[in-house]
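What follows is a set of notes on a single structure, which appears directly below.
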Amino acid sequence: MNVLENTLKKINEFSKKIKIIFPEGNSERIQEVAKRLVGTNITPVLVFKTRAEIPASIAECQAELLVADEQNMAELAEYLVDLRKGKVSIAEATHLVGECNYLALLWVKKGLADGMVGGITYDTKDIIGPALRIIKARAGVKLVSSFFLMVRNDERYIFTDCALNIEPTAEELADIAYLGYEASQVFEFKKPQMALLSFSTKGSGRGTSVDKVREAYEILKSKELKDCRVDGEFQFDAAWDDEIRHKKAPTSALTAPADIFVFPNLDAGNIGYKIAQRLGGFEAVGPIVIGLDRPVNDLSRGATINDIYNTVLVTAYLCVYK
C-alpha cells in the first residue's frame, strides 16, 4: 500500500464524513474528482453561481450542492463585515459573498464544511488571500506556510516552503521549519530528520543567505521538536548522502538522510520540488497550506484530475488528523 492509499484508508476509518467544499463546482475536472470520491468517507460540496450552471449529470457525483444566488446574502455580508472587524463595508461584503471562493470559505468558517480545495479558475491570491483573512492562522501560529508531500512508491519527503513565502527572514524560516515538522507529525513520519538547506555546509560558504539559514537553525534549536533531528546549514548532497555528510559535517546531529527539507527561499523551494518531480519521478502533492485554523488548499490551473484528487485526500486527512 503506497503513502496516498494509506492516507485514504485512515480517512475511511474516521467516525464521520469529512466535507470538502469546492468553489469551482462547474469545473468538469472537479466533477470527475467528486465521482472518484464516491464510496469514500469524503463528501464533496460543489458550489455553483446559479442553478442553471448545474449539469444534468451531477447526480453521478453524489455531492452536496451549494448555489450562490440562493443564499441569504444580507446575512452572509453582515457575517463577513463582523469577521473583518469593519475592514470591508457592507456594500463590499455583499459583492464578495456572491463570489464562490468567498462563499466556500465562509462555509468552512461556519463549520458547514471541514476544508476547501480550489484554484482551477482562481489565482492563488483569490484562494489563499481570503483564507488568511477569513479562516486566519491557527492560535499560536505567526506565519502560515506551505509544503509539498513528495511521493515515489513508498518514499515520502516534505519540501517546505515552495509556494507562499518569497524571501523569509531567519525568524520566519525557523517558523517554516517548525510547521514542516508539524506536517511530519500529522503524516506520522517516524523520527524525522530535518535539514535547513543552503549553498553552504557548516561554514563552507559565506554570505547573508548563509547567515540567515544558520540563524534560523539556532532559533529552531530552542523549539521542542520531539523525536526530530535537525541540522543546518547544509547543501543538499550533505543532507541526503550519509557518506558526504560524514565528510563535510562529521559531528552532525542527523543520523540518516533528511526527509524534511527546508529551503531558504521560494526560488530554491520551487525549483527544487520541480526538479524532483520532473527528473526524479516524484509525485508532488500540494502545495499544502499549513498553519491555518482549518485546511484550505490551492490548485494550479493546470492541475490534473489525479493532482486534484491527491490534494483532496491530503486536505481531508488534515481535517481530522491534526
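The values are calculated or read from the model by the stated rules, or taken from the named source; none is laboratory data. None of the values given here were measured: they were computed from a predicted structure. Note: ideal-geometry Cβ built from the backbone for every residue, glycine included; neighbour counts use all protein chains shown. Only protein heavy atoms, including side chains, enter the accessible area calculation; ligands, DNA and RNA are left aside. Shrake-Rupley method; radii C 1.70, N 1.55, O 1.52, S 1.80 Å.
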For this session: Sort Glu13, Glu224 by accessible area with a 1.4 Å probe, largest first.
Result: Glu224, Glu13
Exercise. Under the definition of Cα pairs under 8 Å and six or more residues apart, what whole-number percent is the relative contact order of segment 1-47?
Worked result: 48
Exercise. Most mobile of Pro168, Pro295, Pro23 per a Gaussian network model of the chain (Cα springs, under 10 Å)?
Worked result: Pro168
For this session: With label points built 7 Å along Cα→Cβ from the Cα atoms of Lys136 and Thr40, find their separation and express it in nm.
Result: 3.1
Seminar exercise, completed: Between Glu171 and Thr124, the FRET efficiency computed from the C-beta separation at R0 = 41 Å comes out, to the nearest 0.05, as 0.95
Exercise. GNM, the chain, Cα, under 10 Å: largest mean-square fluctuation among Ala63, Ala177, Ala52?
Worked result: Ala52
Exercise. GNM on the chain, C-alpha springs below 10 Å: top fluctuator among Gly115, Gly280, Gly232?
Worked result: Gly280
Problem set entry | Stretch gain in nm, segment Ile271-Phe14, where the contour uses 0.36 nm per residue and the Cα spacing is subtracted | 88.9 nm
Exercise. Rounded to the nearest 5, what % of the DSSP beta bridges within segment 1-136 are antiparallel ones?
Worked result: 0
Problem set entry | Arg301, Arg36, Arg294, Arg245, ranked by accessible area, largest first (probe 1.4 Å) | Arg301, Arg36, Arg294, Arg245
For this session: Mind ranking Glu218, Glu233 by accessible surface for me, highest first, 1.4 Å probe?
Result: Glu218, Glu233
Exercise. Expressed in nm to one decimal, what extension gain is obtained for the pair Gln185 and Tyr321 from 0.36 nm per residue of sequence separation less their Cα-Cα distance?
Worked result: 48.0 nm
Exercise. Where nothing but the Cβ of Lys and Arg (+1) and of Asp and Glu (-1) is charged, how large is the charge dipole of the chain around its Cα centre, in debye to the nearest 20?
Worked result: 520
For this session: Quick one: go through segment 8-51 and flag any residue whose amide nitrogen is under 14 Å from the point 7 Å out along the Cα-to-Cβ line of Asp69.
Result: 48-51
Exercise. Counting only DSSP beta bridges with both residues in the chain, what percent are antiparallel, rounded to the nearest 5?
Worked result: 35
Problem set entry | Extreme residue, positive dipole direction of the chain, given options Val97, Ser252, Val117 (C-beta unit charges) | Ser252
For this session: Please label the shape of segment 124-220 as rounded, prolate or oblate, based on the square roots a ≥ b ≥ c of the eigenvalues of the alpha-carbon gyration tensor (a/c under 1.5 means rounded; beyond that, a/b larger than b/c means prolate, else oblate).
Result: oblate
Problem set entry | Mean Kyte hydropathy of 0.0 or more with a Cα span along the axis of at least 30 Å, helices from DSSP in the chain | none
Problem set entry | Per-residue HN-Hα couplings for segment 20-26 [Karplus 6.51, -1.76, 1.60; θ = phi - 60°; Hz; x = Gly/Pro] | 10, 9, 10, x, 10, x, 7
